[in-house]
Amino acid sequence: MQETLEKNLVLLSIVTLITVAIGGLVQLVPLYTMETTIEKVDGMRPYSPLELAGRNIYVREGCYVCHSQMIRPFRDEVERYGHYSLAAESMYDHPFQWSSKRTGPDLARVGGKYSNDWHVAHMIDPRAVVPESIMPGYPWMADRPLGAEKIAGDMKTLQFIGVPYTDEQIENAQADLKAQANPEMGDADAMVARYPKAVIGDFDGNPSMITEMDALVAYLQMLGTLVDTTSYKTSPDGR
């Protein structure tokens, strides 16, 4: 049979096509019987309006080019950055920020690792806090008002493609954004009720204005903080 196939190009092509088709069906058909291929975990929620605005700035400035947001399940990565990343932690990212290289450290669990003041100082002049850093500074963010008039529209678009924003969250987008950046400007309790574990406060040290720095720091401060990773065991080799 093998000799026959090797000598007959047409027959070999047909058998190859059938084999590939069967293999493809074996892999693809089970996926259509599953509601989702991502394991659901407790704690995950969509980004708050301020965090989403910060993420938009993060993407706009190309931060993903030098910083990944995916800790691989290897001992050296787990020891340096923390628990390996779970698929569910990126389920509301469009697009995800896994990246493909690291010039700077992974940021998947940077939330709560540094103070707001540290982040602001780092964004204004990276070498003021990390002397060996080659990251460019972004000092203008501390003076540039956050242009988030269309944040409700962004949330509605994400809702359309599957992110579970409620109509109530979209309706209160501007109020929640202001309340997170400055509790005196809105109902912080209602905001936290809609977005559990949201970090609230004056992120950039300037309560008179909500800036791009406020949004970016709010985004960074929530990364890796939503899921209780202590319930997921990690073996010595990181798996």
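The values are calculated or read from the model by the stated rules, or taken from the named source; none is laboratory data. All of these numbers come straight from a predicted model, not from anything done at the bench. We place every Cβ from the backbone using ideal geometry, glycine too, and count neighbours over all the protein chains shown.
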| Odd one out for Gly162 among (1) at positive phi; (2) touching a Phe, Trp or Tyr at 6+ places or on another chain (Cβ under 8 Å) | (2)
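Out of segment 204-215, which residues are surrounded by fewer than 20 Cβ atoms within 10 Å (Cβ to Cβ) and in contact (Cβ under 8 Å) with a residue 12 or more places away in the chain? It would help to see each step written out before you state the result.
First, pick out the residues of segment 204-215 that are surrounded by fewer than 20 Cβ atoms within 10 Å (Cβ to Cβ): 205-209.
Matches in segment 204-215: Gly205, Asn206, Pro207, Met209.
Please state which one of Ala148, Ala152, Ala173 is within 20 Å of Ile200 (Cβ to Cβ), of a type in the set (A, V, I, L, M) and at pLDDT below 95.
On the way: Ala152 fails: at pLDDT below 95; Ala173 fails: at pLDDT below 95.
Exactly one residue qualifies, and that residue is Ala148.
Could you please find all residues in segment 88-111 being of a type in the set (Gly, Ala, Ser) and surrounded by 14 or more Cβ atoms within 10 Å (Cβ to Cβ)? Lay out the reasoning, then the answer.
From segment 88-111, those of a type in the set (Gly, Ala, Ser) are 88, 90, 99-100, 104, 108, 111; that's our starting set.
Passing the criteria: Ala88, Ser90, Ser99, Gly104, Ala108, Gly111.
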| remark: Condition set of a type in the set (Asp, Glu) and in a loop (DSSP other than H, G, I, E, B), scope segment 92-136, selection nearest to Gln159 (Cα to Cα): answer is Asp93
| Condition test on Ala218, is it buried (at least 19 other Cβ atoms within 10 Å of the Cβ), part of a helix (DSSP H, G or I) and not polar (S, T, N, Q)? | yes
| query | Taking segment 148-203 only, how many residues are β-branched (Val, Ile, Thr) and surrounded by 14 or more Cβ atoms within 10 Å (Cβ to Cβ)? | reply | 6
| query | Do you know which residues across segment 112-121 are surrounded by fewer than 19 Cβ atoms within 10 Å (Cβ to Cβ) and in contact (Cβ under 8 Å) with a residue 60 or more places away in the chain? | reply | Gly112, Asp117
